[in-house]
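What follows is a single structure, written as structure tokens, with notes after it.
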Amino acid sequence: MILAWLIIILLVAGVLAWALERRDRQWPRRIALAALAIDLILGLTLWGARGDQVGNAGAPWMAELSAQWIPRFGISLHLAMDGLSLLLVLLTLFLGLVSVAASWTEITSRVGFFHFNLLWVLAGVVGVFLAMDLFLFFVFWEVMLVPMYFLISIWGHENRVYAAVKFFLFTQAGSLLMLIAIIGLTAIHYRRTGLLTFDYRALLGTAMDPAAAMWLMLGFFAAFAVKLPVVPFHTWLPDAHTEAPTAGSVILAGLLLKTGAYGLLRFTVPLFPEAAQAFAPVAMGLGVIGILYGGVLAFAQTDLKRLVAYSSISHLGFVLLGIFAGNALALQGAVMQMLAHGITTGALFVLVGALQERLHTRDMRRMGGLWETIPRFGAIGLFFAVASLGLPGLGNFVGEFLVMLGTYWVSIPMAALASLGVVAATVYSLALVQQTFYGPGREQWKVDDLPSRSLVPLGAMIVLQVWLGLYPQPVLETAGQTLQTLYGFGDATMVVRR
């Protein structure tokens, strides 16, 4: 039942935040903080109490809830948590807290409705990471979409409506393809077994014609590729990230993109292993293209938000490459990259949002020399810039290193090309720091530095980055046990196959 509470608390808190807005505009913020803090404590408690149970024989989940929903059509309320789900749920709740803190002074209109949408997006994301019934998964997938549309279109910047509509159309088109693929998979399973079900574990291993498996796999892949995003399905991302409010950008980059990667890890490859393996060279090629394309485009930007947005395309190219490289090292690297990128990019969007709140511009050509005026911004910005480029000792380095090491065993040319992405990341990350904080001040900005209140979430993100970089073993073990179960590795830390 604890899994249901993780979602219910966020949904109820969202309604309360909206309802109590008329009393005091601080109430929605306090309610959102309290709900996310309670959920985070529940998640950490679950990790501490049952984390060692994942992967044991007969105990694939550390927590599970299953109840009939629409038995006539084989649809159930099946929620379950393993190591992969746990790590991503914890990331969701942590970045949710960061988002509330980041919007504390930025959002001053319709505060209650803003936090209603924020909490319902997060509830949808948690549901996506926990749903083990494909119909239920699709419902949560859609729950994420509409509140995110409102966050961008109401509290966004100049071209917010255009960006929100583009985001909605792209993701909705992908969702339609996934729904068709889900129906196709259950129909084939029904013809083979006489059992109509949307249950994930029941559908694993469904026998089908190779051509049908390939088309269904492509349906899932397209939906998740749009959300990841994979080049050429990425064009919604720079606009949405740029126009969204700070909290929206943090959730988009830190969480919604991860739902695409999670879908590939959880559904696309395990449900259609042979089709995925046949498609792997194409997917890995798309991953490498994304790494290089995102890096080059990031360097070409003068808008800080667009730079960070394009860098996300490059970083998540590593995730796609690792998933379809398909060995234990690469998969663990992909999971580590998902976590590290969520923290790093979330922090960069918080800093960019705070800068925009003070300077009323994101144009780097109008900045420069800010370190002397706002040294806290400069120091923290420098830390997350070098984290983004993959400095050893920080989380992004562990993720990218494992992905490239795992890819090397599958395709040396792919690994060599992917390594160029690290060079590109160094160039655009240092350009960000140089043009924003160093050099001559182009305009004599006199603005306030980061207040102590903002240092708390950013300090926590720094600690997490250092922890992931210096002591990643607990995360690797937690993810590795699940990957071992999903992909059937004998030893999730050492085996290299294909």
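Only the coordinates and a few stated rules stand behind these numbers; no lab work does. This is a predicted model, so every value here is computed, not measured. Every residue, glycine as well, gets a Cβ built from its backbone with ideal geometry; the counts of neighbours run over all protein chains shown.
Can you spot the aspartates and glutamates whose alpha carbon is less than 18 Å from K446's alpha carbon? Ignore those fewer than 8 places along the same chain.
E357, D363, E372
Please compute, over every Cα-Cα pair in region 147-243, the percentage with a separation greater than 16 angstrom.
Summing the P(r) tail past 16 Å for region 147-243 gives 61 percent.
Taking a temperature of 37 °C and a viscosity of 0.692 mPa s, what whole-number D in µm²/s does Stokes-Einstein yield for region 275-433 with Rh from Kirkwood over alpha carbon pairs?
208 µm²/s
Write down the percent of antiparallel bridges among all DSSP beta bridges whose residues are both part of the chain, to the nearest 5.
100 percent
Please work out the ratio of the alpha-carbon Rg of the chain to 2.2 N^0.38 Å and round it to two decimals.
Cα-based Rg divided by the globular estimate yields 0.92.
What translational D, rounded to a whole number of µm²/s, comes out for region 1-142 from Stokes-Einstein when the hydrodynamic radius is the Kirkwood one over Cα pairs, at 4 °C and 1.567 mPa s?
82 µm²/s
Express the C-alpha Rg of region 316-377 as a ratio against the empirical globular expectation 2.2 N^0.38 Å, rounded to two decimals.
1.61
Per-residue HN-Hα couplings for region 343-352, Karplus 6.51 cos²θ - 1.76 cosθ + 1.60 at θ = phi - 60°, whole Hz, x for Gly and Pro?
Working through the residues one at a time gives 6, 5, 5, x, 5, 5, 5, 4, 5, 5 Hz.
Stretched out fully, how many nm does the piece from T235 to S109 gain, at 0.36 nm a residue minus the Cα gap? The partial results should precede the final answer.
On the way: separation 126, 0.36 × 126 = 45.36 nm, distance 2.94 nm.
Length difference between fully extended and current span is 42.4 nm.
With N set to the number of residues, divide the alpha-carbon radius of gyration of region 402-495 by 2.2 N^0.38 Å and report two decimals.
1.63
Using a 10 Å cut-off on Cβ atoms, rank the peptides 16-29, 126-139 from the highest mean neighbour count down. Display every interim value, and only then the final one.
On the way: 16-29: 17.3, 126-139: 23.7.
Ranked by mean Cβ neighbours within 10 Å, highest first: 126-139, 16-29.
Can you list the residues, at least 5 places off or on another chain, whose amide H is less than 5 Å from the amide H of A63, using H built in the peptide plane?
Here M81 satisfy the definition.
Using Cα pairs under 8 angstrom and six or more residues apart, how large is the relative contact order of the chain, in percent?
Here the relative contact order equals 14 percent.
For region 158-204, list log₁₀ I(q)/I(0) at each q in 0.14, 0.21, 0.24 Å⁻¹, using the Debye formula over Cα point scatterers of equal strength and ignoring solvent, two decimals each.
Result of the Debye calculation: -0.49, -0.70, -0.81.
Any idea what % of Cα-Cα pairs in region 104-158 are farther than 12 Å?
Values: 958 of 1485 pairs.
Of the Cα pairs, 65 percent sit more than 12 Å apart.
Stokes-Einstein at 4 °C, 1.567 mPa s, Kirkwood radius from Cα pairs: D for region 130-190 in µm² s⁻¹?
In µm²/s, the coefficient rounds to 100.
Give the aspartates and glutamates reachable from K166 as a straight Cα distance under 12 Å; neighbours fewer than 8 places away on the same chain don't count.
Output for K166: D239, E243.
Amide H neighbours of D133 under 5 Å, at least 5 residues apart or on other chains, H built in the peptide plane: list them.
H78, Y200
So what is the 222 nm mean residue ellipticity for the chain from helices alone, if each DSSP H run of at least 4 adds -39500 (n - 2.57) and you divide by all residues, rounding to the nearest 500 deg cm²/dmol? Present the calculation step by step, with values, prior to reporting the outcome.
On the way: 20 runs with 357 residues, N = 498.
After summing the helix terms and dividing by the residues of the chain, the value is -24000 deg cm²/dmol.
Any idea which of L118, G395, P232 is furthest toward the positive side of the dipole for the chain, if Lys and Arg beta-carbons carry +1 and Asp and Glu beta-carbons -1?
Looking along the dipole axis, the top candidate is L118.
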